[in-house]
Protein chains: 2
Amino acid sequence: MQTWRLLCATLGVLAAGSLHAEPADTLAPPADYRHWFHVNTMIVDKASPLFESIGGMHNVYTDAVGEAALKKGGPFPDKTMFVTDLHGFTVQEGSYVEGPRKAIAVMLKDAKKYESTGGWGFQLFEGGDPNKPLVADAAKQCFACHEPKKDHDYVFSTYIP
Amino acid sequence: MQTWRLLCATLGVLAAGSLHAEPADTLAPPADYRHWFHVNTMIVDKASPLFESIGGMHNVYTDAVGEAALKKGGPFPDKTMFVTDLHGFTVQEGSYVEGPRKAIAVMLKDAKKYESTGGWGFQLFEGGDPNKPLVADAAKQCFACHEPKKDHDYVFSTYIP
C-alpha cells in the first residue's frame with residue numbers, strides 16, 4: 001500500500017499563520033490544475049501527528065509530463081508539476097465531506113535550477129493566493145521530508161490505476 | 001455546508017457482490033474522466049450508515065458540459081455526465097489513504113431518454129468493468145435517493161471553488 005505525503009511532515013507553515021515568505025522564484029499555483037490528471041486524495045485527520053501542520057483533504061494533481069512519468073514509476077523530467085489542493089473537511093454522519101480551500105502546494109521539477117533540493121522547487125500558497133507564499137526555506141521546510149523518497153525521485157504519490 | 005451523496009443511500013448493490021444486472025442502455029464508464037473537472041472527494045467511513053452499501057473514497061468528476069452548469073448551480077443540460085470513481089481506503093497513522101478501485105458510478109443526462117428518473121441515467125460498474133453493471137432498476141436503486149435534490153436537478157455535488 002502506498003504511504004505518501006506530498007507535503008513536508010515538519011512543515012508547520014500553515015500553523016504559522018500570516019507569516020508570509022518572500023517568493024524565491026517564479027513558482028505559482030497553475031490556473032488549470034483541476035483539469036490535470038487527478039493522482040489521488042488523502043485526508044490527514046485529527047488523529048494524525050501531521051494534523052497541526054497539514055491537516056485536511058489533499059487532492060493531488062499532476063500535469064501531462066508528470067502523469068506519463070508517474071505511470072512509469074518515475075523519474076520525473078523537467079516541467080513536471082504536482083499540485084496539492086488542500087481543503088478543510090467536516091465529518092457528517094460518518095462521512096468526510098470536502099470544505100473550503102486552505103492552501104495550494106506546488107512541486108516543480110527543474111533539475112538545474114533546484115539542484116540543491118533534489119531538482120524540485122517547492123512552494124505553499126495560503127488559500128491558494130499567489131501573493132501569499134509561505135515557504136521561505138524549501139530545503140528545511142519541504143525537501144528534508146521528501147529526501148527519504150529518493151528512489152521515487154522524491155515524490156510520495158504513486159500511480160493508482 | 002454541502003451534504004451530497006452521489007450514490008443512492010439504499011443502493012446496496014456493492015454489498016450484493018457478483019449479481020450483475022443486464023445493461024439497460026449504452027451507459028459505460030468514460031475513458032478519460034480522470035482528466036475531467038475534479039468536482040470533489042468524500043470518504044464514507046465505517047461509522048456511516050452508508051458504509052455497507054457505498055463505503056470508500058468517492059472521487060467525483062464531471063465533463064465540460066457538467067462543469068459549466070455546476071458552476072452556475074444547475075440545471076444540467078443533456079450530455080452532462082458525472083462519474084464517481086469509488087476506491088477503498090486504509091487508515092495509516094491517522095491519515096486516510098486511497099486504495100484500489102471498487103466501482104465506477106455514472107450519471108448521464110438525457111432528459112427525454114431518462115424522463116422517468118429525472119432525466120438522468122444511472123449505472124454502477126463493479127471494479128469499473130463495463131461488462132459488470134450492477135444496477136438493474138435505476139428508479140429504485142438510484143433515483144429514489146436523488147429525488148429530494150430536485151432543486152439542484154437531482155445532483156448532490158455542489159461547486160467548491
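No value in this document is a laboratory result; all are computed from the given coordinates. The structure displayed is predicted, hence computed values, not measured ones. In this analysis, Cβ positions are derived from the backbone assuming ideal geometry, glycine residues included, and neighbour counts consider all displayed protein chains.
Kindly put B:K71, B:K113 in sequence by how many other C-beta atoms sit within 10 Å of each C-beta, fewest to most.
Fewest to most other Cβ atoms nearby, the residues stand as B:K71, B:K113.
Per residue of segment B:109-120, in order, report the coupling 6.51 cos²θ - 1.76 cosθ + 1.60 (Karplus, θ = phi - 60°) as ³J(HN,Hα) in whole Hz, putting x for Gly and Pro.
Those phi angles translate into 8, 8, 4, 7, 4, 10, 4, 6, 10, x, x, 10 Hz.
Using the count of nearby Cβ atoms within 10 Å as a rough guide to exposure, how do A:S116, B:S48, A:S157 rank from fewest to most?
If I rank by nearby Cβ atoms, fewest first, I get A:S116, B:S48, A:S157.
From the C-alpha gyration tensor of segment B:17-161, pull out the three semi-axes of the equivalent ellipsoid (sqrt of 5λ each), sorted largest to smallest, in whole Å.
Three semi-axes, in Å: 23, 19, 15.
Pull up all non-local amide H partners of A:K102: gap of 5 or more, or a different chain, and H-to-H distance under 5 Å with H placed in the peptide plane.
Those qualifying (amide H under 5 Å, at least 5 residues apart or on another chain) are A:L86, A:H87, A:G88.
Using θ = phi - 60° and the Karplus relation 6.51 cos²θ - 1.76 cosθ + 1.60, list the HN-Hα couplings for segment B:121-138 in order, rounded to whole Hz, with x at every Gly or Pro.
So the J values, rounded to whole Hz, are x, 10, 7, 9, 10, 4, x, x, 7, x, 8, 10, x, 10, 9, 9, 9, 4.
Amide H to amide H under 5 Å from B:K132: which residues, 5+ apart in sequence or cross-chain, H placed 1.01 Å off N in plane?
Placed amide hydrogens put B:E126 under 5 Å from B:K132.
For labels at A:E115 and B:K71 in the simple 7 Å Cα→Cβ model, what's the distance in nm?
4.2
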